Amino acid sequence: EGRNVIIAGGGNIGLTLAQEIQEDHVGVRARVIEFGEERAKSVAQQLSQTMVINGDVLDMEILEEASAENTETFVAVTNDDEVNIIGSLLAKRAGIKRTIALVNKHSYVQLINQLGIDAVVNPRMITVSSILQHVRRGRIRGIYSVREDFGEVIEAEALETSSLVGKSIKEAGLPNGVKIGAIIRAEKAIAPKGNTVIEKNDTIVLFATYDVVKEVEKLFAVRADFF
């Protein structure tokens with residue numbers, strides 16, 4: 001199945017991400033939007049199969065040109081936090097379901113939470129593969145970096161295919177380094193206790209130290225045939 005990703009920003013991260021998608025992810029098409037004319041030309045030369053648009057990601061017409069209406073994921077990795085945040089919001093308006101923003105300033109993380117951007121990547125922890133996981137990862141809704149020495153706050157939906165559904169928190173066998181902060185069920189937040197049973201479609205907000213984030217992703221992974 002074809003999937004489309006728009007990458008805002010043709011800097012090193014944007015270029016590397018586009019190269020990796022072009023080379024290793026058959027069926028995923030990336031489009032890059034880069035503001036600087038010279039940089040856009042240079043990026044286009046390095047990406048033979050990827051469309052590069054020279055323009056302002058905050059311009060709705062440019063988003064349309066990048067065919068936002070057929071795009072599932074928007075990744076904003078310019079070197080300007082504000083552009084990444086506002087670009088993500090415009091992308092949501094344009095109908096893109098999932099937005100990922102690179103944000104340097106810690107003071108913005110709270111704000112992003114309220115704005116409904118799906119994932120925030122902290123550049124100190126950044127790797128292209130970690131952005132690609134956000135692009136691929138199924139129904140994990142939000143990732144907010146909390147102090148880089150601690151880990152991540154992950155907001156994820158427990159779908160019926162998740163191994164957690166039907167188990168109490170005690171029985172779920174969560175890895176060490178994971179603490180469930182809240183379970184949101186039918187718009188109500190439940191303070192979790194050991195005997196709280198996780199139900200299908202619960203949204204779970206949890207803290208995970210960096211070394212166990214991968215394991216947490218597996219718990220919420222969606223089987224390929226689910227979509």
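The values are calculated or read from the model by the stated rules, or taken from the named source; none is laboratory data. The shown structure was predicted, so the numbers you read here are calculated from the model rather than taken from an experiment. As a convention, Cβ positions derive from the backbone with ideal geometry for all residues, glycine included, and neighbour counts pool all protein chains shown. Heavy atoms of the whole protein, side chains included, go into the accessibility calculation; ligands, DNA and RNA do not. Shrake-Rupley method; radii C 1.70, N 1.55, O 1.52, S 1.80 Å.
Which parts of segment 170-188 would a label at residue 214 reach, counting a residue when its backbone N lies under 17 Å from a point 7 Å out along Cα-to-Cβ?
Within reach of a label on residue 214: 175-178.
So, taking all protein chains as they sit and a 1.4 Å probe, how much accessible area belongs to residue 37, in Å² rounded to tens?
Using a 1.4 Å probe on the heavy atoms, I get roughly 110 Å².
May I ask you to give the solvent-accessible area per residue for segment 3-44, in square angstrom, as obtained with a 1.4 angstrom probe? The partial results should precede the final answer.
Details: 1900 Å² over 42 residues.
Roughly 45 Å² per residue, with all protein chains present.
So if R0 is 35 Å, what FRET efficiency would residue 199 and residue 56 give, r being the distance between their Cβ atoms, rounded to the nearest 0.05?
It comes to 0.20.
Provide the net charge surrounding residue 174, with neighbours chosen by a C-beta distance below 11 Å and charges set as Lys +1, Arg +1, Asp -1, Glu -1.
Here the count lands on +1.
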